[in-house]
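Written out below as structure tokens is the structure these notes cover.
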Amino acid sequence: MNIIHHTAHRNLNLGTETAFSVLARANKLASEGKKIINLGIGQPDFQTPEHIVEAGIKALRDGHHGYTQSTGIPQLRETVSDDIERRHKVNISPDQILIVPGGKVIIFFSAMLMGEKNKEILYPNPGFPIYESAINYSGAKAVPYKLSEDMGFSFSADDILKKINKNTSLIIINSPANPTGGVVPKIELEKLAKGLQEYPNVVLMSDEIYDQFCFGEDNFTTMLSFPEIRDRLIILNGWSKTYAMTGWRLGYGIFPVKLYEIAEKLAVNIHSCVNASAQFAALEALKGPQDCVSHMNNTFKKRAEIMYTQLNEIEGFTCQKPKGAFYCFPNITETNKSATEIQNILLDQIGVATVAGTSFGKFGEGYIRLSCANSEEAIEEAILRIKTTF
Ligand SMILES: Cc1ncc(COP(=O)(O)O)c(C=O)c1O
């Protein structure tokens, strides 16, 4: 008997995040002595700031070793609410905030809340691959909307609104975006919020995990700015990128009052609560000095500038200037090779780890993603290696 044939059928629908397998391959090559430059990673190359680490250690020493409230410690939910008030001038009750082990959890929760057979969920493509995977797992139909280069990898609200039908239950958006570095202008977000007035049963999930990495052209706008959709808006955010805390596994969701109870039940069923000491570190992250955030933003901005300028000097590559997050997403169609071929050539022949655009959905063909989460020297060396190959 092959046990795999007896597993639940829905597991066939699970996708994955190829960035992790590129990382594993890059590490293997490095362990064999190859000099690898890793531009495949989706996490800041900074350490978590010292005062945040100390707060986590102190929490452990102070005896915070047990379960916490499944929704998160009350002082953290209050502080997230204050942070939103400070940054966006929007009042959100702590009772709508759910602390979770990583922003990714909110994607899964949204898909579980709104997705099932005969429902449709719209999502960005190319986009973070977990959207499509979670939608498929929920049993709903995953309906991509294209982020195209000629629109600066933004979306048109009209295009999304046109795709809504009676089965549509959820729309996922992400700005600043992984993998494209695109930022959706406020006017499109406003149009989307207004257009959704006609579809009162459609929930919107806005993934704002890169909100503090914006390079100043199209500034970040939170969907919380539009009161008309707040009663069916889910926000995904967290500490992973903003405070270089990917390994702490910390994130939060803001849920409409009516959906909160189900989200809380999902949390109780799946993870009980978030690591207690990590929650105290998260508290310090929001309450302590914020210069670490602006330092990272300025650093990513400078590296993105270097990277996209130099990518444009490579034969067969053209690259738009990223507006946020920390990725460049050059068009490589003129090389006459597929995204996966380019990804493999770069890693196997010249030791540069990148991620094929197709890892982010079918509309990612013709592109590769390079992360700015590496030093300027490493970025320049990587691009030099690429230049000598093409
Ligand atoms: C767009 C996007 N959303 C969510 C996440 C997940 O973040 P976390 O590590 O907090 O789960 C990522 C991580 O790469 C991401 O790129």
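Structural remarks
- Some residue of the stretch 263-276 being among the aliphatic types (A, V, I, L, M) and away from the ligand (no atom under 16 Å from the Cβ): yes
- Selection of the stretch 217-232 for residues being more than 16 Å from the ligand (Cβ to nearest atom) and either modelled with pLDDT under 95 or not aromatic (Phe, Trp, Tyr) (or both) yields Glu217, Asp218, Asn219, Thr221, Leu224, Ser225, Pro227, Glu228, Ile229, Arg230, Asp231, Arg232.
- Test: residue in the stretch 115-122 that is buried (at least 21 other Cβ atoms within 10 Å of the Cβ), within 12 Å of the ligand (Cβ to nearest atom) and either over 20 Å from Tyr260 (Cα atoms) or without any contact (Cβ under 8 Å) to a residue 12 or more places away in the chain (or both): no
- Exclusive hit being within 16 Å of the ligand (Cβ to nearest atom), buried (at least 19 other Cβ atoms within 10 Å of the Cβ) and either assigned to a helix (DSSP H, G or I) or free of Cβ contacts under 8 Å to residues at least 12 places away in the same chain (or both), set Ile160, Ile135: Ile135
- Comparison of Ile97, Ile73, Ile107 shows that the only residue that is within 21 Å of Met245 (Cβ to Cβ), away from the ligand (no atom under 16 Å from the Cβ) and not assigned by TED's automatic domain parsing to the domain that holds Leu347 is Ile73.
- Residue within the stretch 302-318 that is closer than 26 Å to Ser110 by Cβ, in contact with a strand residue (DSSP E or B) (Cβ under 7 Å, 6 or more places away or on another chain) and crowded, with 20+ Cβ neighbours inside 10 Å present: no
- When restricted to residues that are under 22 Å from Asn269 (Cβ atoms) and not in a strand (DSSP E or B), the stretch 95-130 contains 21.
- Exactly one residue out of Ser156, Ser206 is farther than 15 Å from Gly103 by Cα and not aliphatic (A, V, I, L, M): that is Ser156.
- The residue that is surrounded by the fewest Cβ atoms within 10 Å (Cβ to Cβ), counting only those in the stretch 19-35 that are within 22 Å of Ala134 (Cβ to Cβ) and touching a residue at least 40 places away in the same chain (Cβ under 8 Å), is Leu23.
- Given (1) within 16 Å of the ligand (Cβ to nearest atom); (2) surrounded by fewer than 22 Cβ atoms within 10 Å (Cβ to Cβ), index of the condition Arg86 fails: (1)
- Checking Ile173 against (1) away from the ligand (no atom under 14 Å from the Cβ); (2) at pLDDT 95 or above; (3) more than 20 Å from Lys89 (Cβ to Cβ), the condition it does not meet: (1)
- Boolean, Gly181 is part of a loop (DSSP other than H, G, I, E, B) and among the small types (Gly, Ala, Ser): yes
- For beta carbons closer than 6 Å, sequence separation of 6+ or different chains, a first residue in the stretch 5-18 that is more than 14 Å from Phe108 (Cβ to Cβ) and a second that is in a helix (DSSP H, G or I), the qualifying pairs are Thr18/Ser359.
- Criterion applied to Thr246, Thr299, Thr242 was being in the same structural domain as Ala382 (by TED's automatic domain parsing) and surrounded by fewer than 22 Cβ atoms within 10 Å (Cβ to Cβ), and the one residue passing it is Thr299.
- Long-range neighbours under 6 Å by Cβ, at least six apart or interchain, first residue within 20 Å of Leu60 (Cβ to Cβ) within the stretch 236-259, second aliphatic (A, V, I, L, M) and within 11 Å of the ligand (Cβ to nearest atom): Trp239/Met245; Trp239/Leu250
- Failed item, numbered, when Glu85 is tested on (1) without any contact (Cβ under 8 Å) to a residue 60 or more places away in the chain; (2) part of a loop (DSSP other than H, G, I, E, B); (3) within 23 Å of the chain's Cα centre (by Cα): (2)
- Residue tally, condition of a type outside the set (S, T, N, Q) and within 15 Å of the ligand (Cβ to nearest atom), over the stretch 29-48: 7
- Checking the stretch 238-256 against the condition returns no match, with no residue being aliphatic (A, V, I, L, M), in contact with a Lys or Arg (Cβ under 6 Å, 6 or more places away or on another chain) and within 11 Å of the ligand (Cβ to nearest atom).
The values are calculated or read from the model by the stated rules, or taken from the named source; none is laboratory data. What you see is a predicted model, and the numbers here were worked out from it, not measured in a lab. Reconstructed Cβ throughout: ideal geometry from the backbone, glycine too, with neighbour counts over all protein chains shown.
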